[in-house]
Every structure is written in C-alpha cells, then in structure tokens.
Amino acid sequence: MDVTFINPFLEAAVNVLQTMAFTETQVGTPFFKGKTPLSQGDVTGIVGLTGNKHGSLAVSFSEAAILQVVSNMFGEACKEMNDDVRDAVGEITNMICGNARRILAEQGHPLQAAIPTVIDGKGHKICHPFPGPVLVIPFVVGEEGRCFLEVCLAESDTRQVRTPKSPRLPN
Amino acid sequence: MTNHNMKIVTVDDFSTMRRIIRNMLRQLGYSNIVEAEDGVEALSLLQREKVDFVISDWNMPNMNGLDLLKAIRADENLKPIPVLLVTAEALKEYIVEAVKAGVNNYVVKPFTAETLQEKIDTIFKN
C-alpha cells in the first residue's frame with residue numbers, strides 16, 4: 001500500500017477533530033489489521049471509495065472518544081450513544097474523507113466517495129467491500145479516548161501491494 | 001452591515017452539521033434560523049416563506065446543493081437570495097461549476113464560527 005495515499009487521511013482526521021471538535025489527538029503506530037473484521041472501536045463510519053484506486057475508509061471511535069468529540073462539537077455534554085452521536089460519526093467520516101479526497105486530487109489522485117454508513121455496538125464487524133490489506137492508524141483522542149482510521153485501497157486495475165515506508169506523522 | 005434578524009435556511013442531510021451551523025450562527029448573533037434536510041425540502045420552504053440567506057451542504061440525496069442553487073437562480077422570485085455552499089472537498093471543477101451557477105461563496109469543512117462570519121461578511125458586503 002503506497003503511503004502517499006495514507007497521509008491525506010491522517011492529516012484530514014487530525015484537522016477535522018481539532019477544528020470541529022477542539023480535540024487534540026496523538027497519532028500512534030500504524031499496523032496492518034490482518035484477517036479479523038472486528039472493529040477496534042465501538043462505533044464506526046465507513047465510506048466506499050472509487051477512482052484510480054478503489055477501497056474504503058472506516059473511522060472507528062471508542063465510546064469515550066466519540067462522546068467527548070460530540071460533546072465538544074455540540075457545546076453540550078453528551079453522555080450516551082444515541083442517534084445524534086451516530087449521525088455525528090457519519091458526518092465526521094464524511095469530513096475526513098472529503099478533506100483527504102481534496103488533498104489527493106491536488107496530488108493527481110482523484111477519488112469519488114459514497115455517503116457514509118454508520119455501524120455501532122461493541123464487537124461489531126467492519127467489512128471493507130474490496131479485498132486488500134487494511135492499514136489501521138490509531139489515535140489517542142483527548143485524555144483517554146481511542147480512534148482508529150482503517151484505510152483499504154488497491155489499484156482499480158491491479159491488486160499490487162507494496163510494503164509501506166514509515167508514515168509521516170503530523171507536526 | 002449584516003442584518004442579524006435575517007431569516008437563514010441551513011440545508012444538510014446530516015443533522016450534526018445543521019446543529020453545528022445553527023450553534024455557530026447563534027454564537028454570531030443570528031437567531032432566525034430554519035432547517036431543511038435536502039434540496040427538495042429547502043426549495044419547498046423557500047417557495048412558502050420569505051428567506052434572506054441559504055447555507056447549504058453540497059452532497060445530499062434527492063437534490064444536492066448545486067442543483068438547489070441552480071433551482072434558486074432559475075426562479076425569478078428566489079433568484080436574488082444569497083447562497084453559501086458548504087463542502088468537505090472543494091474540488092476545483094466543482095467550485096468552477098458552482099461559480100458559473102451563481103454561488104455567492106463557499107466554505108470548506110471543517111470550519112470555525114469566525115470563518116463562517118468572514119464568509120457571511122464577504123457575501124453581504126458585496
């Protein structure tokens with residue numbers, strides 16, 4: 001997986017959470033997910049991507065993380081998972097995907113995206129629609145929350161996978 | 001000087017963004033705000049009520065923001081209403097298309113209340 005396609009998603013996630021949710025993040029060490037479809041978090045937004053590459057982006061939050069993020073976004077305490085929180089996950093996924101697509105388009109790699117779907121429940125599964133390696137970028141959100149970006153991208157006409165170099169971390 | 005009593009319609013299929021924009025507008029002193037979930041609902045509202053400003057998302061089901069803009073500009077009664085489009089992507093070709101269709105300005109998500117105020121000021125100064 002070419003790391004050129006990973007950094008835009010990483011940068012977008014940091015930007016969205018910082019600007020919209022006033023939340024600082026710390027990026028952890030990326031890793032390949034392996035064969036398990038189980039989510040790392042408690043609620044996930046997933047969106048399909050097509051273009052020169054095809055695949056999907058999943059943005060998965062622990063309950064603690066998303067409640068803090070949504071509380072910050074809305075300016076009022078949000079204490080439990082509900083439809084508003086699920087909607088927010090969809091919109092956050094939409095923003096991260098859109099921002100990343102803008103960066104990739106500027107770099108000559110346009111992608112199209114669908115409208116995100118949200119899945120929640122502890123132990124839920126994330127089924128990326130296209131086969132291929134899934135790179136997971138973990139974040140610490142705020143004091144104790146966790147967020148996981150899952151990026152699954154492959155060439156539209158081939159299934160080549162390259163070993164990634166070390167990803168760029170945000171400043 | 002922007003009229004803080006002006007009636008503003010916010011259009012987005014995600015209730016989260018409608019809520020965030022509503023909160024930002026209230027923070028900026030605007031309180032006369034109504035909401036629509038997509039372009040179809042927004043257009044129907046515009047044809048029933050006198051609205052002074054439209055803030056619309058771009059990508060929505062049923063009728064997207066660009067098509068809503070075109071419908072507004074095609075209606076003699078609605079044509080003068082200023083429209084601000086909200087987008088997460090801001091792809092060059094989309095911006096060009098929106099400018100051709102008569103958009104007054106656009107803002108890229110994520111944005112702050114200060115950025116929203118700047119966009120509003122730019123629209124109403126012109």
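The values are calculated or read from the model by the stated rules, or taken from the named source; none is laboratory data. Just so we're clear, the structure is a prediction, and the values are computed from it rather than from any experiment. Here Cβ is always computed from backbone atoms with ideal geometry, including for glycine, and neighbour counts include all displayed protein chains.
This table checks each residue for (1) under 17 Å from A:E144 (Cα atoms); (2) outside any strand (DSSP E or B); (3) modelled with pLDDT under 95.
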residue	(1), (2), (3)
A:Q26	yes, no, yes
A:T29	yes, yes, yes
A:S60	yes, no, no
A:L67	yes, yes, no
A:A88	no, yes, no
A:I103	no, yes, yes
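Would segment A:79-86 turn up any residue that is more than 10 Å from chain B (Cβ to nearest Cβ), more than 17 Å from A:L149 (Cα to Cα), of a type outside the set (F, W, Y) and touching a strand residue (DSSP E or B) at 6+ places or on another chain (Cβ under 9 Å)?
Residues of segment A:79-86 that are more than 10 Å from chain B (Cβ to nearest Cβ), as a first pass: A:79-82.
Filter once more, keeping what is more than 17 Å from A:L149 (Cα to Cα): A:79-82.
Next cut, of a type outside the set (F, W, Y) only: A:79-82.
Okay, now just the ones that are also touching a strand residue (DSSP E or B) at 6+ places or on another chain (Cβ under 9 Å), so A:81.
Yes, segment A:79-86 has at least one match.
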Residues in segment B:83-126 that are away from chain A (no Cβ under 14 Å) and either of a type in the set (A, V, I, L, M) or assigned to a helix (DSSP H, G or I) (or both) total 17
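Looking at segment B:24-60, which of the residues that are in contact (Cβ under 8 Å) with a residue 12 or more places away in the chain and within 11 Å of chain A (Cβ to nearest Cβ) is farthest from the chain's Cα centre (by Cα)? Break it down into steps so the answer makes sense when it comes.
Keep residues of segment B:24-60 that are in contact (Cβ under 8 Å) with a residue 12 or more places away in the chain, which gives B:24-25, B:27-43, B:45-47, B:49-60.
Then keep just the ones that are within 11 Å of chain A (Cβ to nearest Cβ); that gives B:24, B:27, B:57-60.
Values: B:M24: 14, B:Q27: 17, B:D57: 7, B:W58: 9, B:N59: 12, B:M60: 13 Å.
Filtering first and then ranking leaves B:Q27.
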When the residues of segment A:119-128 are narrowed to those that are under 15 Å from the mean Cα position of the chain (by Cα) and either assigned to a loop (DSSP other than H, G, I, E, B) or crowded, with 20+ Cβ neighbours inside 10 Å (or both), which ends up farthest from the other protein chains (Cβ to nearest Cβ)? A:C127
Within segment A:98-111, track down each residue that is more than 7 Å from every other protein chain (Cβ to nearest Cβ) and touching a helix residue (DSSP H, G or I) at 6+ places or on another chain (Cβ under 8 Å). A:A100, A:I103, A:L104, A:Q107, A:H109, A:P110, A:L111
Taking the stated definitions as given, is B:N5 surrounded by fewer than 21 Cβ atoms within 10 Å (Cβ to Cβ), at pLDDT below 95 and more than 14 Å from chain A (Cβ to nearest Cβ)? yes
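Determine whether segment B:14-33 contains at least one residue that is among the charged types (D, E, K, R), under 13 Å from B:M60 (Cβ atoms) and out of contact with any strand residue (DSSP E or B) (no Cβ under 6 Å at 6 or more places or on another chain). Walk me through it before giving the result.
Of segment B:14-33, the ones among the charged types (D, E, K, R) are B:18-19, B:22, B:26.
Those still in the list that are under 13 Å from B:M60 (Cβ atoms) too: B:18.
Subset that is out of contact with any strand residue (DSSP E or B) (no Cβ under 6 Å at 6 or more places or on another chain): none.
The answer is no; no qualifying residue exists.
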Kindly indicate the residue of segment A:8-22 that is farther than 22 Å from A:P110 by Cβ and facing another protein chain (nearest Cβ under 9 Å) and also surrounded by the fewest Cβ atoms within 10 Å (Cβ to Cβ) among those meeting that condition. A:Q18
Among the residues of segment B:72-79, are any under 25 Å from A:I92 (Cβ atoms), surrounded by 19 or more Cβ atoms within 10 Å (Cβ to Cβ), out of contact with any Gly (no Cβ under 6 Å at 6 or more places or on another chain) and without any contact (Cβ under 8 Å) to a residue 60 or more places away in the chain? no
Residues in segment A:11-22: is at least one under 30 Å from B:I21 (Cα atoms), modelled with pLDDT under 95 and part of a loop (DSSP other than H, G, I, E, B)? yes
